[in-house]
């Protein structure tokens, strides 16, 4: 073997050290810059269009409530209502209507109410369809204890970030022989990298101190091992944020005893599903939990994760808090922090006062009264 | 029993062969004969306890494990010696850091020999390559310990957010997501197989319903995610429904796992007996253990057709608190009581259990994990004192 180049070892190492430290510095600067311009289309001037998908059941009334509150807050949002009932496209594949898709592609931001799960409609669940259409790879659920809505757990302040495209929910199942079924959990390097990067960026943009990867690599050595490896690699580029790893069972055990020890949690699909609902249960249920889905190409859809509640639909009894808090999350994503804070404070103050509350929060006011009270508070804050 | 009457009806010439002499109790001999055929028994029902050895003393395999396991199991041995429990321990050490599996196979052979084991958790270093499998999992699958049973009960003396919880969790212990069947098809794409079989699902459902009936429980809830994993969890749910139809006195319902965890932290009293596949069992049992006060309080049992292994319910190694005399011995002590119950030594089991619960609820000598300041040895001393005073009372 011909030795092509002979360089003095110490100089070589020095060069390597310099290059790696420059890389870290550059990534940090880029990261910092990105966090300033993380919302590339900051909407300090002019109206921003948001695609609104009211949904089914109580969807339309809570969407109206949110629109009213935003109007009272004078938020620079222009709503574009769209329906996403699946239609059969050319080639027989189910897809969302073209107007809805075009609107989302243009506005890049969406707010969605609860969608009915079709049982015998022939087409897959609408949420799944939306996820596939816009490649919504990250589901973000911040869980903060609401003062005034008492649960056994106080001081909860954590965020669960869940990989939303693969993992245990790939839907790849076969019956091998009669009575033996195998379900495949898929973990890819690309998806794990993407979600880890998003988690750390989110932590940086929202001034979060640590990110914890939740896994079960002691049992699923290769799959969760790959996920963990990717998280560790990404953590190298975000030295300002503390990175820890914890087993899923340990997280569950500690979460119900002391949820204050957790900050940002990142995990594959199934664990994310279970943990995000567990955390929602800690703060009071799906009726008060916001949620956001981040997709490729800058698309983000914020939604309320509760059901359509057909039994109270149209009776002005619904609680718009979940959709409102998701809309506040949306404002923060767009960079409109002032407006977001105003609306959020008004909402929390209303709940804390306990004078005007919907039935599920323990009061007996109507949805319109609750909305009116929040609007009044928002206007008073001007 | 039909078998004993069948044995009695055998012609006299055969009786001595089976040991059915004038003094032989047919039932005991049947049990002994049945245990000789241990390897061939199919899943049918009653788990046959191992026969007593010489002088009525049982031998139980003891696997210290890692972390807090060794110290807690030493306390168990100390307590058994103090209370004159007729159990001898055969200690088998498993070194989790070596790559060879000889240690764990020795342990498995010992358990096959004795039929019953008490173990601490064996650490799995998840940074080792996939060929280094989890020792605990290997033990469970080799011995076919298909049912993991955990009884979560709130202790009145322990401060928790929710009171009066009483849930039995039955978890399928051998298949599901823990099959350890993984492969990397293309670099960067890993598949992990979750296997659900009809045989194991029926078996675990049957175990759950039988246990519910034995303990006078009203409801069994199956936990699943069949809306997403339609074939796998769908099969599990279907098997549970089939078995449920054979137990009309017990109400059966099902719940999706994410809703279950949400309900557990807000309204845990709605649950009675829960049955589920492996991974959801892991999550739900840890949530429930957290609800009643933590990993130091709940014992767990792994039952198979022929073997039984007892340990703490949440299977923690407790590396950070090892050898500091601060670990909570309650879970391990209660697990040893479950083992004594399994060996039909009910008097000893009740004596020790009563003493432990008195320490927890009346004396309220708590370790740091449940908010107290006692050490492990102080708690064990208190238990021994309670046993002594209990004995004097009798």
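The values are calculated or read from the model by the stated rules, or taken from the named source; none is laboratory data. Keep in mind that this is a model prediction, so the values were computed, not measured. When we count neighbours, we look across all protein chains shown, and the Cβ atoms used for this are built from the backbone with ideal geometry, even at glycine.
Summary of values
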quantity	calculated
Condition check for residue A:231: facing another protein chain (nearest Cβ under 7 Å), assigned to a helix (DSSP H, G or I) and touching a residue at least 24 places away in the same chain (Cβ under 8 Å)	no
Sole exception among (1) assigned to a loop (DSSP other than H, G, I, E, B); (2) under 20 Å from residue A:82 (Cα atoms); (3) within 14 Å of another protein chain (Cβ to nearest Cβ) for residue A:115, by number	(3)
Residue match in the stretch A:335-357 (condition: within 14 Å of chain B (Cβ to nearest Cβ) and more than 19 Å from residue A:208 (Cβ to Cβ))	no
Residue match in the stretch A:134-155 (condition: farther than 30 Å from residue A:347 by Cα, in contact (Cβ under 8 Å) with a residue 12 or more places away in the chain and away from chain B (no Cβ under 14 Å))	yes
Count of residues meeting criterion [within 11 Å of chain A (Cβ to nearest Cβ) and within 23 Å of residue A:271 (Cβ to Cβ)] in the stretch B:162-195	19
From the options B:389, B:377, residue that is assigned to a helix (DSSP H, G or I), at pLDDT 95 or above, more than 21 Å from the chain's Cα centre (by Cα) and over 22 Å from residue B:58 (Cα atoms)	B:377
Selected residue (only one of B:300, B:281, B:290 is touching a strand residue (DSSP E or B) at 6+ places or on another chain (Cβ under 7 Å), part of a helix (DSSP H, G or I) and closer than 22 Å to residue A:248 by Cβ)	B:281
Scope the stretch B:59-71; condition touching a strand residue (DSSP E or B) at 6+ places or on another chain (Cβ under 8 Å) and crowded, with 23+ Cβ neighbours inside 10 Å; matching residues	B:60, B:61, B:62, B:63, B:65, B:69
Enumerated strands (runs of 3 or more DSSP E) restricted to the stretch B:84-161, each holding at least 1 residues that are crowded, with 20+ Cβ neighbours inside 10 Å and within 12 Å of another protein chain (Cβ to nearest Cβ)	B:147-153
Tally of residues being crowded, with 24+ Cβ neighbours inside 10 Å and away from every other protein chain (no Cβ under 14 Å) across the stretch B:312-332	4
From the options A:302, A:262, residue that is in contact (Cβ under 8 Å) with a residue 24 or more places away in the chain and closer than 26 Å to residue B:319 by Cβ	A:262
Tally, over the stretch B:193-223, of residues that are buried (at least 24 other Cβ atoms within 10 Å of the Cβ) and touching a helix residue (DSSP H, G or I) at 6+ places or on another chain (Cβ under 6 Å)	7
Residue in the stretch B:305-322 that is part of a helix (DSSP H, G or I) and within 26 Å of residue B:223 (Cβ to Cβ) present	no
Of residues in the stretch A:89-106 being free of Cβ contacts under 8 Å to residues at least 24 places away in the same chain and not in a helix (DSSP H, G or I), the one surrounded by the most Cβ atoms within 10 Å (Cβ to Cβ)	A:97
Residue count, the stretch A:303-316 (criterion: over 16 Å from residue A:110 (Cβ atoms) and surrounded by 19 or more Cβ atoms within 10 Å (Cβ to Cβ))	2
Per-region count, the stretch B:176-190, residues closer than 16 Å to residue B:231 by Cβ and in contact with a helix residue (DSSP H, G or I) (Cβ under 8 Å, 6 or more places away or on another chain)	2
Residue check, residue A:152 at pLDDT below 95, surrounded by 23 or more Cβ atoms within 10 Å (Cβ to Cβ) and more than 30 Å from residue B:183 (Cα to Cα)	no
Selected residue [surrounded by fewer than 24 Cβ atoms within 10 Å (Cβ to Cβ) and either under 14 Å from the mean Cα position of the chain (by Cα) or away from chain B (no Cβ under 12 Å) (or both)] from A:296, A:280	A:296
Failed item, numbered, when residue A:331 is tested on (1) touching a helix residue (DSSP H, G or I) at 6+ places or on another chain (Cβ under 7 Å); (2) part of a helix (DSSP H, G or I); (3) within 14 Å of another protein chain (Cβ to nearest Cβ); (4) surrounded by 24 or more Cβ atoms within 10 Å (Cβ to Cβ)	(3)
Which numbered condition residue A:146 fails, given (1) surrounded by 18 or more Cβ atoms within 10 Å (Cβ to Cβ); (2) under 26 Å from residue A:56 (Cα atoms)	(2)
Residue within the stretch B:222-231 that is away from chain A (no Cβ under 11 Å), in contact with a strand residue (DSSP E or B) (Cβ under 7 Å, 6 or more places away or on another chain) and farther than 22 Å from residue A:220 by Cβ present	yes
Residues being assigned to a helix (DSSP H, G or I) and free of Cβ contacts under 8 Å to residues at least 40 places away in the same chain - total across the stretch B:207-231	2
Residue check for residue A:213: over 21 Å from residue B:124 (Cα atoms), within 23 Å of the chain's Cα centre (by Cα) and more than 7 Å from every other protein chain (Cβ to nearest Cβ)	no
Enumeration of residues in the stretch A:157-206 that are farther than 25 Å from residue B:196 by Cα, surrounded by fewer than 19 Cβ atoms within 10 Å (Cβ to Cβ), within 13 Å of another protein chain (Cβ to nearest Cβ) and in contact (Cβ under 8 Å) with a residue 12 or more places away in the chain	A:189, A:193
Qualifying residue in the stretch A:110-133 (condition: in contact with a helix residue (DSSP H, G or I) (Cβ under 6 Å, 6 or more places away or on another chain) and at positive phi)	no
